[in-house]
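Take a look at the structure below.
Derivation of every value follows stated rules applied to the coordinates shown; laboratory data play no part. In this text, all values refer to a predicted model and were calculated from it rather than measured experimentally. Cβ placement follows ideal geometry from the backbone for every residue including glycine, while neighbour counts extend to all protein chains displayed.
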Amino acid sequence: MSGPLRLVPDEGTPGWAEETMRLRTLPRRRQRPVPAAAHPELSPDPLDELADRLAELCADAVHPYEIAAFLESDGLTDEQAALVYGRADAFTLAEDLFAKVARRYPGPAPADADPWRADPWRCLLRGLVFALPGLAYLLGADLFSAHRQRFGLPSGMAALAAATLLSWAFNQALAHRAYGWLSLADRRSAARTLALGAPLGALLAAGTGWLLGGPLAALLFIIGQSLYLGAATALLVLGQEKLLLAALAPSATGAALVLAVRLPAWAKAAILLATLVAAVGLAAWQLGRRLSGGGARASGPSWSATTASGLFGLAVGTLTMIAGLGPALHHAVRPTAPAVPGAGATGPALVALTLSLGLAEWLLYRYRSLATRALRSSTSSADFRRRTALALAGCLLGYLLAVTALDYAATAVWARAPLIGPTRLTALLLLAATLWTALLLQALSVAWRTSGLCLAAAGFEITAALTGGDPSSVQLYGCGAAAALLVPLAVVVLGRTTRHR
């Protein structure tokens with residue numbers, strides 16, 4: 001990626017490792033520079049050479065931490081700062097560079113200086129492939145028996161819900177790890193991670209569904225869904241959205257036929273199988289192309305961050321599922337209770353939330369683009385915090401307005417769906433605000449705090465739902481508390497220049 005702040009070190013760019021190897025035989029230097037006569041290959045203070053090399057970066061920096069973030073991202077350690085430049089650590093070196101180079105506002109803004117420009121059409125396509133798999137449930141709706149109950153749901157539905165949650169959590173962690181390898185420019189390791197992880201995740205999810213029991217047809221559907229989610233994860237990480245859309249064509253066509261005519265069970269099964277075979281086959285083909293050639297790195301992405309990402313996937317999946325199954329759980333736990341007002345609006349609301357995921361992804365890129373621009377144009381740390389807070393508020397408000405519009409549009413075309421009421425609309429928007437803010441924090445490596453808050457909200461909602469709580473109130477309190485904590489956390493944490501490397 002290009003730009004004054006290189007977010008990921010470019011492979012092949014001369015870094016600190018080569019310079020350290022060249023000077024490793026020199027004695028360790030203290031704060032006082034080594035005289036040039038003792039080592040003629042060095043300038044009296046090597047900081048001068050570094051300041052010349054990073055002149056544009058240092059001139060545009062609004063705080064020494066911005067320079068320190070760049071130095072750390074480029075691989076400079078405290079030991080190397082002491083050995084090569086005679087400074088105690090990387091932060092001391094950054095402070096000296098900040099003091100040595102005069103400020104220059106605003107910084108340069110070449111056409112290619114923004115590494116976070118996103119193609120809106122590609123984000124729209126990704127939103128479409130996020131939403132289309134839901135059509136498969138129209139084809140498999142009659143596979144889940146309502147006679148046996150488990151956790152207040154038909155046994156097949158309970159098994160499907162558990163397997164889906166496990167798939168979401170596992171594939172979120174898998175995608176994080178594969179993206180981590182790609183950020184290190186190691187495509188082979190990323191492909192190997194996906195090739196090994198996707199089948200393992202499918203096996204674990206299908207095994208969970210089998211343990212919970214249910215009709216054989218439901219179990220086969222769960223196995224197919226688990227395999228599809230693994231294959232879809234691989235294709236999306238590899239940037240093959242068009243291939244995934246092609247694989248989903250049979251299910252989309254079949255769902256349209258189901259709404260028009262009555263299809264026999266064998267025809268529905270054939271359509272679902274065609275989608276599954278296409279997705280798995282295309283994923284295997286793409287992974288096979290990337291598994292050959294290239295060496296592997298000794299160390300990869302952090303396992304701690306991968307674990308946090310998996311827990312985050314479990315939490316947001318639970319919050320979304322409670323939003324969809326809340327009325328059914330309420331009726332199952334309290335069968336004599338009156339029907340939940342507006343429960344029929346749940347379907348359009350979830351469709352709107354799913355369709356909005358492409359826009360959510362584009363707004364994440366938009367926020368990071370605005371933050372990168374603020375790094376170049378801010379004249380102080382306070383100015384940078386103000387600009388990033390305004391960018392956060394604008395992107396979040398735009399997303400909530402889009403979710404509202406999509407919900408009303410989905411309700412208009414949904415057969416006999418009631419208009420969503422103020423309470424359920426508020427609950428939906430709080431869920432949307434929680435999901436988008438949490439995704440933004442995860443993207444900027446605020447992993448464990450984000451996962452912990454989302455897990456706490458999910459735990460509260462599950463407990464309240466299983467004890468017969470009103471679905472709307474459960475969401476209002478759970479997602480409301482999560483959003484009330486996540487948004488201020490994002491304002492504070494993302495207002496620091498060191499978060500935008």
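Here is how the numbers come out for the structure above:
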item: Cut-off 15 Å between beta-carbons: net charge of the residues surrounding residue 482, Lys and Arg +1, Asp and Glu -1; result: 0
item: In the stretch 352-445, the trypsin sites (Lys or Arg not before Pro) that fall in loop regions by DSSP, at most 16 other Cβ within 10 Å; result: 416
item: Rounded Å value of the spacing that divides the Cα centres of the stretch 477-494 and the stretch 150-209; result: 27
